[in-house]
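Coordinate-derived values only; no laboratory data. Given the structure is predicted, the values throughout are model-derived calculations rather than measurements. Methodologically, a virtual Cβ is constructed for each residue, glycine included, from the backbone with ideal geometry; neighbour enumeration extends over all protein chains shown.
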Amino acid sequence: MNLREIKENFDLMNSVDWEMTPEEAIALHLEWGPLRSQAYYNSRDNDNETVYFVINTWKKPPILTLVRRRGFDSEELGNFRLPQNLETEFMKGIGQYKGVYAVEGDVRDWLKKELEV
C-alpha cells in the first residue's frame, strides 16, 4: 500500500493506534509485559489486532512501516521513505543507532498531515 491507499481506507485509518510503540506492541501481543493501562485490552489473544507505524533503521535508508499485529502474526501493510529533511533529523535525534522506533514528534506530525488525520 502507498500513503494514498492508506488514506482512502477509512477502516484502516480508524484502526491506527498513534500512541502504540514497538515495545508496547511486543508486550501486548507476545509477552505479559506492562501496558499503558490494565484496561487497554481485556485479554491477549489472536483476535486482538493492533495497527501502528514504526521506523526501522536496521538498513539504510530508514523505512517507515505500517504494521498490523495480531497475536504472534505481524504483517507489513506498507513501507515508505521519509522526506530527506525528516530522515536526517530523525537519525540525528537517535544518534544514528539501529533499531525499530516509535513514530513521534515531527515525523508523526508530517505523517498525520500526509494522511489528513
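Some values worked out for this structure:
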quantity: Gain on full stretching of the segment that runs from Leu3 to Lys59 - 0.36 nm per residue minus C-alpha separation; calculated: 18.0 nm
quantity: Reachable lysines from Lys113, criterion Cα separation under 22 angstrom, eight or more residues apart if same chain; calculated: Lys7
quantity: The chain, helix-only ellipticity at 222 nm - DSSP H runs n ≥ 4, -39,500 (n - 2.57), divided by all residues, nearest 500; calculated: -9500 deg cm²/dmol
quantity: Around Pro61: net Lys/Arg minus Asp/Glu count, Cβ-Cβ under 13 Å; calculated: +3
quantity: The chain, relative contact order in percent, only Cα pairs under 8 angstrom and at least six apart counted; calculated: 27 percent
quantity: Aspartates and glutamates whose Cα lies under 16 Å from that of Lys60, excluding same-chain neighbours fewer than 8 positions away; calculated: Glu87, Glu89
quantity: Antiparallel bridges, percent of DSSP beta bridges restricted to the chain (to nearest 5); calculated: 95 percent
quantity: Sorted by Cβ neighbour density within 10 Å, fewest at the top, the residues Phe80, Phe90; calculated: Phe80, Phe90
quantity: Computed magnitude of the charge dipole of the chain (debye, nearest 20; Cβ of K, R +1, Cβ of D, E -1); calculated: 420 debye
quantity: In nm, spacing of pseudo-spin labels at Leu115 and Arg81 (7 Å Cα→C-beta vector); calculated: 2.1 nm
quantity: Options Asn85, Ala27, Val107, ranked by Cα towards positive dipole end of the chain, top entry (Cβ charges); calculated: Asn85
